[in-house]
Each structure stands twice: as C-alpha cells, then as structure tokens.
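Enquirer: Right, I'll just put the structure down here and ask away after.
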Amino acid sequence: MTEDWAAVASAINRRMVELGLSQRDLVARSHVSKSVVREIQHNLMQRRRSDRTLEALSLALEWHPAHLAAALAGRRPPEVGEPFYRSEDDISGRLAVIEHQLREITDRLREFDALDKKIDDINTGVASVVEHIAAERERRRR
C-alpha cells in the first residue's frame, strides 16, 4: 500500500484554513505533540504513525475519525457519522459499514423507483398528447 503523506499534509493545511485554526489550536484540540503535528502538517518525515494520531487529528479538524487514514491510503474519506472499521479483525465495525452501504443502496433504489414512476407519468402524458394530435388530424381530414 502506497502512503500519500503529501495528501495528508495538504488536507490538514486546507482544513486548518477553513476552520481558521493555528498549529497551536490543532495541537490543543488533538492532544498530539507539536513536533508530530509539524512533521505531518509540513510532510517533513514520512513514517508510519499511530492510527490514533491520525484519528485525533481528524477529530480535531471536525472530520470523520478515519478521514486522514483514508487520505493517506488514497481512498475517499468517509462522511461524519459514517461507520468505519479499524482493522480486518473489527467484525462489528465491518458489519456496521456493510449495513450503512446497504442502506445507501436501498435509498438509491428508492430514488430510481421514484424516477421510474415519473418517467411512466411522462410517457402516459406523451401518449395522451400523441393520441390527441392524431385525433385532431383525423378530424381535420374529414
């Protein structure tokens, strides 16, 4: 797995600007040492960090706990409130993610059903207009 620490640094810096946070604020919010925050924020040392470090920084930046871990791995960061799992052994976390994905799929299928109904309504309306035009043409021919 390729780790993209530059993406992590970029995400942190953008978010700090969005939230109007200084490095000191981020250190205070995350309880991560200033030297570690500085190294990550400026991409000075690319080395493995504790999952808890990235989680603490994510939460301090008002993101999902797995936001920076996802950015590091080149994945789409989850939305706040979206379930996640910490490891392959985290069965309950993995099940929560699967349930969340199934709910999203179900919601999308409902949206498709609603669109399908609208399309049926439009087709019915178009058919009615075509019938009306055909009847009008027939009437004019007589």
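The values are calculated or read from the model by the stated rules, or taken from the named source; none is laboratory data. Nothing here was measured: the structure is a model prediction, and the numbers come from that model. Every residue, glycine among them, receives a Cβ derived from its backbone with ideal geometry; neighbour counts consider all protein chains shown.
Enquirer: For region 9-23: of the residues being surrounded by 14 or more Cβ atoms within 10 Å (Cβ to Cβ) and within 17 Å of residue 74 (Cβ to Cβ), which is nearest to the chain's Cα centre (by Cα)?
Expert: Top of the filtered list is 11.
Enquirer: Looking only at helices (runs of 4 or more DSSP H) that lie completely in region 1-54, which have at least 2 residues being within 17 Å of residue 66 (Cβ to Cβ) and touching a residue at least 40 places away in the same chain (Cβ under 8 Å)?
Expert: In region 1-54, the matching helices (runs of 4 or more DSSP H) lie at 5-19.
Enquirer: Further, regarding this structure: Just to check your reading of the model, which residue among 98, 133, 122 is of a type in the set (Val, Ile, Thr), more than 22 Å from residue 19 (Cβ to Cβ) and within 22 Å of the chain's Cα centre (by Cα)?
Expert: 98
Enquirer: Go through region 1-40 and give me each residue that's closer than 16 Å to residue 63 by Cα and not hydrophobic (A, V, I, L, M, F, W, C).
Expert: Passing the criteria: 10, 13, 14, 15, 18, 20, 25, 29, 30, 31.
Enquirer: List pairs: first residue in region 91-111 and in contact (Cβ under 8 Å) with a residue 12 or more places away in the chain, second residue surrounded by 10 or more Cβ atoms within 10 Å (Cβ to Cβ) anywhere in the structure, Cβ distance under 7 angstrom, at least six positions apart or on different chains.
Expert: Short answer, once both residue conditions are applied: 96/83; 97/83; 97/84; 97/85; 100/82; 100/83.
Enquirer: Being among the small types (Gly, Ala, Ser) and within 27 Å of the chain's Cα centre (by Cα) is the filter here, so list the residues in region 27-42 that pass it.
Expert: Answer for region 27-42, where residues must be among the small types (Gly, Ala, Ser) and within 27 Å of the chain's Cα centre (by Cα): 28, 30.
Enquirer: In region 65-90, what residues are surrounded by 10 or more Cβ atoms within 10 Å (Cβ to Cβ), without any contact (Cβ under 8 Å) to a residue 12 or more places away in the chain and not aliphatic (A, V, I, L, M)?
Expert: 75, 90
Enquirer: Condition first: charged (D, E, K, R) and under 16 Å from residue 35 (Cβ atoms). Now tell me which residues in region 7-24 satisfy that.
Expert: Result: 24, single match.
Enquirer: Checking the structure you have, find out if any residue of region 109-128 is more than 26 Å from residue 14 (Cβ to Cβ), of a type in the set (Ser, Thr, Tyr) and assigned to a helix (DSSP H, G or I).
Expert: Yes, the conditions are met somewhere in region 109-128.
Enquirer: Looking at region 102-142, which of its residues are of a type in the set (A, V, I, L, M, F, W, C) and over 30 Å from residue 83 (Cα atoms)?
Expert: Hits for region 102-142 are 119, 122, 126, 127, 129, 130, 133, 134, 135.
Enquirer: To continue, here is another question. Only one of these is within 21 Å of the chain's Cα centre (by Cα), in a helix (DSSP H, G or I) and of a type in the set (Asp, Glu): 62, 88, 82, 104. Name it.
Expert: Selected residue: 104, the only one of 62, 88, 82, 104 that is within 21 Å of the chain's Cα centre (by Cα), in a helix (DSSP H, G or I) and of a type in the set (Asp, Glu).
Enquirer: Looking only at residues in region 86-142 that are under 30 Å from residue 51 (Cα atoms) and small (Gly, Ala, Ser), which one is modelled with the lowest pLDDT?
Expert: 87
Enquirer: Now, a different point. Looking only at region 43-59, filter to residues that are crowded, with 21+ Cβ neighbours inside 10 Å and either closer than 13 Å to residue 3 by Cβ or of a type in the set (Gly, Ala, Ser) (or both); which one of those is nearest to the chain's Cα centre (by Cα)?
Expert: 58
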